Amino acid sequence: MPAEKDPCLSGRGVTKVFGFGRTRTVAVDHVDFDFHEGEVISIVGESGSGKTTLAKVLLGLINPTEGEVYFQGKERDIGSYRKKKEYWKQIQAIFQDPYCSYNIFRKIDTVLLDCIHMRGGRGLPRAKKVELMAEACSFVNLKFDELTNKYPFELSGGQMQRLMIARIFLLKPKILLADEPTSMIDACSRATILDMLMQLRDEIGMTVVFITHDIGLAYYVSDVVYIMENGRFVESGSADNVILHPKETYTQRLINDVPKIYEEWDLSTV
Amino acid sequence: MEHTLRQVFRSGKFVAGFSIFVAVLLIVFLYPLIVPHPPLEIISQGTFFPPGIYVDVYDSIGSTTHYTLNLDDAVAKRIASKLKEEDRLAMKEWLVAAGLSESEIDAADTQSLMDQWVNNYDPKTNIPGMTNARRNYYIRLNTSLDGILSTEGAIIAARNPDTGVLEEKRIIPQSEYVNVSEVANVRVLPLGTDNFGRDVLTELVKATTVSLQIGFVAGSIATLIGLALGLLAGYVGGLIDDAIMFFTNLFTVIPSFVLLILISFSIGQERRGAVTIAVVIGFTSWVWTARAVRSQVISLRNRDHVNLSKLSGHSIFHIILADILPYIASYVVMALILQISAGILTEAGLAILGLGPKTTLVPTLGLMMNWAMIYQAQILGKWWAYFPVIITIALIAFSLNLMNTGLDQVFNPTLRD
Ligand SMILES: Nc1ncnc2c1ncn2[C@@H]1O[C@H](COP(=O)(O)OP(=O)(O)O)[C@@H](O)[C@H]1O
Ligand SMILES: [Mg+2]
């Protein structure tokens with residue numbers, strides 16, 4: 001474990017409370033974590049356990065009610081919009097639902113152009129931009145020529161999510177938060193997308209925070225696993241440790257919920 | 001985009017409303033080209049001339065060609081127009097009161113009735129219980145009956161300028177006709193004239209134009225202010241939201257119509273032009289647009305496509321314009337349509353209270369209602385002075401609201417039946 005390295009993203013007592021009075025929901029409840037560079041970290045929990053909320057806090061899209069987030073060893077400072085923009089050059093995300101992730105009024109190439117511009121490529125000649133976009137598309141097995149002048153909603157869910165990966169390919173962030181990137185798409189595309197994601201990670205060496213409700217998937221992709229229940233991290237550690245030797249009954253239950261296809265690993269009896 | 005438009009134009013309600021509205025616009029646009037009379041020109045001496053075709057008597061007589069038509073019912077019609085059913089009954093009543101037996105009198109037989117009348121009627125006869133007004137009525141009736149059965153033509157005489165003596169020029173037989181298209185002066189007044197003696201239809205068309213302009217200006221101003229404040233409050237949130245909502249709540253608590261009355265009153269009659277009124281209406285009616293836009297924006301601002309736009313480094317300005325505005329555009333169009341409709345109605349309400357635009361420059365639908373009310377058209381039964389105005393206001397409001405309902409059904413599929 002690269003424990004001696006400084007963590008690139010960590011949190012102490014991070015809490016997010018929605019609403020007040022009777023509608024008060026503690027979505028994220030005093031979580032502590034240290035994500036190290038180059039690792040693939042999985043956050044596993046059932047639906048409603050606060051995974052997406054935590055991801056949005058980490059992205060700086062919502063402010064935590066309590067607690068601090070540390071980025072590259074220092075307390076994260078995203079007070080101004082300009083600082084946020086700098087932050088987002090280093091930390092990016094893929095959202096759960098590709099159908100909601102795109103502005104339906106903007107064409108696909110503008111989505112990719114935004115990424116080039118964000119990395120300072122605004123002044124590049126048009127041909128160079130097209131070349132970059134085409135390269136990103138071919139990385140995710142999409143044909144850029146067929147995509148120009150199309151709107152995102154004209155693609156399938158799997159294609160949209162691949163386009164999201166193409167975005168990350170262009171942006172080359174330090175950290176990627178992938179919030180259940182495969183949960184809303186058909187089973188066939190799932191493996192492809194996961195493979196592309198892992199391939200991209202190897203290519204640009206980023207830290208990946210992989211959020212999922214599927215502990216089998218987490219075991220398959222990650223180095224470190226955090227188990228989340230009702231906004232709290234109940235268990236964490238290396239994937240082998242947590243999944244092969246679960247201490248919590250909640251973790252146990254998550255493992256038992258895994259569909260039969262993973263049975264050959266025979267996790268529950270190890 | 002084209003897809004949405006196609007859907008919109010497939011909605012029956014929208015198309016119905018849109019057609020009515022476009023028809024009103026077309027009339028308003030084409031009418032002045034065809035009938036270029038000045039709308040506020042006073043043409044009638046006297047008020048509330050009934051609707052009809054007005055033919056110049058002098059020109060009819062002087063018309064170059066005269067035609068003879070032998071129509072069977074011409075005499076009957078002439079008599080009927082001078083001797084109405086109620087006049088016949090009144091004559092019978094007088095004759096009975098004067099001592100004739102009821103069975104002797106046949107009110108339907110003009111010839112015998114006239115004979116009996118001429119033989120018996122004497123204005124000096126005192127009939128007990130008859131009011132003075134009634135007596136005068138009989139005197140008037142008697143004079144009008146003079147010559148009713150005559151088949152003589154009318155004689156035209158002109159004064160000789162040298163001698164000052166009347167000289168017979170021509171005899172006009174009763175069966176002589178002129179063709180209206182050959183008469184030099186004919187004025188069609190489909191809706192008669194109003195209390196000032198102005199052509200109601202021409203005035204109404206101009207009033208509709210001005211009212212639509214007022215509605216459009218007021219609606220646009222209200223929608224723009226409401227949109228800007230709603231976007232800002234909803235998206236930026238925090239202190240700006242608090243400040244804007246405080247301001248908005250202030251306006252909500254004070255009824256805008258009362259505010260409008262106070263402002264209109266303090267501006268003063270002289271400086272209240274149509275544009276001023278429109279601007280004032282616009283500045284007092286943005287409140288609910290602002291509230292509605294704000295709540296729409298609040299539900300949009302945490303959507304993932306907005307988050308993605310932020311992650312792509314876009315400015316707040318860009319996000320509001322590109323990621324929020326298109327999503328509420330259909331809503332804003334609907335709000336605009338309702339605001340236009342409300343603007344027209346508000347102007348009418350203000351003008352009826354006498355707080356509308358000043359009355360000397362342009363007519364508006366509200367001003368026409370105001371004039372009709374002040375001159376008691378509704379009491380005098382001069383329906384043409386106010387009824388067409390009501391119909392026009394109702395038609396415009398109806399068509400705009402119908403369009404709005406149609407749009408609502410297209411954009412909120414849950415409402416579709
Ligand atoms: N914007 C919000 N307002 C109020 N409650 C929210 C909001 N977002 C999430 N929640 C609540 O927070 C809890 C965690 O939600 P979420 O983070 O989406 O869970 P997960 O991603 O693990 O399914 C849920 O109970 C959800 O209802
Ligand atoms: Mg989630």
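The values are calculated or read from the model by the stated rules, or taken from the named source; none is laboratory data. Predicted, not measured: the structure shown is a model, and the values here were computed from it. Neighbour counts are summed over all protein chains in view; Cβ atoms, including those assigned to glycine, are modelled from backbone coordinates with ideal geometry. Note: accessible area is taken over every heavy atom of the protein model, side chains too, but ligands, DNA and RNA are not part of it. Shrake-Rupley method; radii C 1.70, N 1.55, O 1.52, S 1.80 Å.
Please determine, by comparing only the residues of the stretch A:98-116 that are assigned to a loop (DSSP other than H, G, I, E, B) and open to solvent by less than 80 Å² (accessible area, probe 1.4 Å), which one is farthest from the other protein chains (Cβ to nearest Cβ).
Among residues in the stretch A:98-116 that are assigned to a loop (DSSP other than H, G, I, E, B) and open to solvent by less than 80 Å² (accessible area, probe 1.4 Å), the one farthest from the other protein chains (Cβ to nearest Cβ) is A:107.
Does residue B:351 meet the test of being touching a Gly at 6+ places or on another chain (Cβ under 8 Å) and buried (at least 20 other Cβ atoms within 10 Å of the Cβ)?
When the stated conditions are applied, residue B:351 passes them.
Residues checked against (1) under 30 Å from residue B:213 (Cβ atoms); (2) under 36 Å from the mean Cα position of the chain (by Cα); (3) in contact (Cβ under 8 Å) with a residue 40 or more places away in the chain:
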position	(1), (2), (3)
B:4	yes, yes, yes
B:18	yes, yes, yes
B:23	yes, yes, no
B:34	yes, yes, no
B:55	no, yes, yes
B:61	no, yes, yes
B:64	no, no, yes
B:80	no, yes, no
B:95	no, no, no
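Of all residues in the stretch B:364-397, which are under 19 Å from residue B:344 (Cα atoms) and open to solvent by 60 Å² or more (accessible area, probe 1.4 Å)?
B:373, B:387, B:390, B:391, B:395
Which ranges mark the strands (runs of 3 or more DSSP E) fully within the stretch A:197-238 that have 3 or more residues being away from ligand 2 (no atom under 16 Å from the Cβ), away from every other protein chain (no Cβ under 14 Å) and touching a helix residue (DSSP H, G or I) at 6+ places or on another chain (Cβ under 8 Å)?
Result: A:232-238.
Consider residue A:149 against the criteria (1) under 24 Å from the mean Cα position of the chain (by Cα); (2) within 14 Å of another protein chain (Cβ to nearest Cβ): it satisfies all of them except one. Which criterion is unmet?
(1)
Is there a residue in the stretch A:74-81 that is modelled with pLDDT under 95 and either of a type in the set (Val, Ile, Thr) or within 15 Å of ligand 2 (Cβ to nearest atom) (or both)?
Yes.
Would you confirm, using the coordinates I've provided, whether residue A:13 is more than 14 Å from every other protein chain (Cβ to nearest Cβ), part of a loop (DSSP other than H, G, I, E, B) and small (Gly, Ala, Ser)?
So residue A:13 does not fit the description; no.
Surrounded by 11 or more Cβ atoms within 10 Å (Cβ to Cβ), within 41 Å of the chain's Cα centre (by Cα) and not basic (Lys, Arg): which single residue out of B:113, B:141 fits that description?
When all the criteria are applied, what remains is B:141.
Restricting the search to the stretch A:117-133, which residues are away from every other protein chain (no Cβ under 14 Å) and open to solvent by 60 Å² or more (accessible area, probe 1.4 Å)?
Result: A:123, A:124, A:125, A:126, A:127, A:128, A:131.
Being part of a helix (DSSP H, G or I) and more than 9 Å from every other protein chain (Cβ to nearest Cβ) is the filter here; which residues of the stretch A:82-97 pass it?
A:82, A:83, A:86, A:87, A:90
Considering only residues that are within 20 Å of the chain's Cα centre (by Cα) and within 13 Å of ligand 1 (Cβ to nearest atom), look in the stretch A:9-22 and name the one that is surrounded by the most Cβ atoms within 10 Å (Cβ to Cβ).
Filtering first and then ranking leaves A:14.
Table: residues versus (1) in contact (Cβ under 8 Å) with a residue 60 or more places away in the chain; (2) open to solvent by less than 10 Å² (accessible area, probe 1.4 Å).
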site	(1), (2)
A:177	yes, yes
A:183	yes, no
A:186	no, no
A:189	no, no
A:195	no, no
A:200	yes, yes
A:203	no, no
A:210	yes, yes
A:214	yes, no
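Take the residues in the stretch A:54-72 that are surrounded by 21 or more Cβ atoms within 10 Å (Cβ to Cβ) and of a type outside the set (A, V, I, L, M, F, W, C), then tell me which one is nearest to residue A:254 (Cα to Cα).
A:56
Any residue that is surrounded by 15 or more Cβ atoms within 10 Å (Cβ to Cβ), over 26 Å from residue A:250 (Cα atoms), within 14 Å of chain B (Cβ to nearest Cβ) and near ligand 1 (Cβ under 9 Å from one of its atoms) - is there at least one of those in the stretch A:23-30?
No, because not a single residue in the stretch A:23-30 is surrounded by 15 or more Cβ atoms within 10 Å (Cβ to Cβ), over 26 Å from residue A:250 (Cα atoms), within 14 Å of chain B (Cβ to nearest Cβ) and near ligand 1 (Cβ under 9 Å from one of its atoms).
Taking the condition out of contact with any Cys (no Cβ under 9 Å at 6 or more places or on another chain) and of a type in the set (Lys, Arg), does residue A:247 pass?
yes
Can you pull out the helices (runs of 4 or more DSSP H) entirely within the stretch B:252-345 that have at least 2 residues that are surrounded by 18 or more Cβ atoms within 10 Å (Cβ to Cβ) and away from chain A (no Cβ under 12 Å)?
Once the helices (runs of 4 or more DSSP H) in the stretch B:252-345 are filtered for at least 2 residues that are surrounded by 18 or more Cβ atoms within 10 Å (Cβ to Cβ) and away from chain A (no Cβ under 12 Å), what remains is B:256-267, B:274-284, B:287-300.
Hey, residue A:77 hits all of (1) within 22 Å of residue B:236 (Cα to Cα); (2) assigned to a helix (DSSP H, G or I); (3) acidic (Asp, Glu); (4) away from chain B (no Cβ under 14 Å) but one; which does it fall short on?
(2)
How many residues are away from every other protein chain (no Cβ under 14 Å), within 16 Å of ligand 1 (Cβ to nearest atom) and closer than 21 Å to residue A:217 by Cα if we restrict to the stretch A:31-57?
13
Here is a yes/no grid of residues against (1) assigned by TED's automatic domain parsing to the domain that holds residue B:405; (2) in contact with a Gly (Cβ under 6 Å, 6 or more places away or on another chain); (3) at pLDDT 95 or above:
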residue	(1), (2), (3)
B:24	yes, no, yes
B:32	yes, no, no
B:56	no, no, no
B:61	no, no, no
B:64	no, no, no
B:75	no, no, no
B:94	no, no, no
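Filter the stretch B:145-172 down to the residues that are hydrophobic (A, V, I, L, M, F, W, C) and more than 30 Å from residue B:70 (Cβ to Cβ) and list them by number.
B:165, B:166
Regarding the stretch A:155-165, can at least one residue be identified that is within 12 Å of chain B (Cβ to nearest Cβ), buried (at least 21 other Cβ atoms within 10 Å of the Cβ) and under 14 Å from residue B:309 (Cα atoms)?
Checked against the condition, which is being within 12 Å of chain B (Cβ to nearest Cβ), buried (at least 21 other Cβ atoms within 10 Å of the Cβ) and under 14 Å from residue B:309 (Cα atoms), the stretch A:155-165 yields at least one hit.
Closer than 30 Å to residue B:38 by Cβ and of a type in the set (A, V, I, L, M): which single residue out of B:328, B:316, B:324, B:391 fits that description?
On inspection, the qualifying residue turns out to be B:391.
Can you pull out every residue in the stretch B:148-168 that is out of contact with any Asp or Glu (no Cβ under 9 Å at 6 or more places or on another chain) and exposed (fewer than 11 other Cβ atoms within 10 Å of the Cβ)?
B:150, B:151, B:152, B:161, B:162, B:163, B:164, B:165, B:167, B:168
Yes or no, residue by residue, for (1) within 16 Å of ligand 1 (Cβ to nearest atom); (2) more than 27 Å from residue A:165 (Cα to Cα); (3) touching a Pro at 6+ places or on another chain (Cβ under 7 Å):
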{"residue": "B:269", "(1), (2), (3)": "no, yes, no"}
{"residue": "B:273", "(1), (2), (3)": "no, yes, yes"}
{"residue": "B:279", "(1), (2), (3)": "no, yes, no"}
{"residue": "B:282", "(1), (2), (3)": "no, yes, no"}
{"residue": "B:293", "(1), (2), (3)": "no, yes, no"}
{"residue": "B:319", "(1), (2), (3)": "no, no, no"}
{"residue": "B:324", "(1), (2), (3)": "no, no, no"}
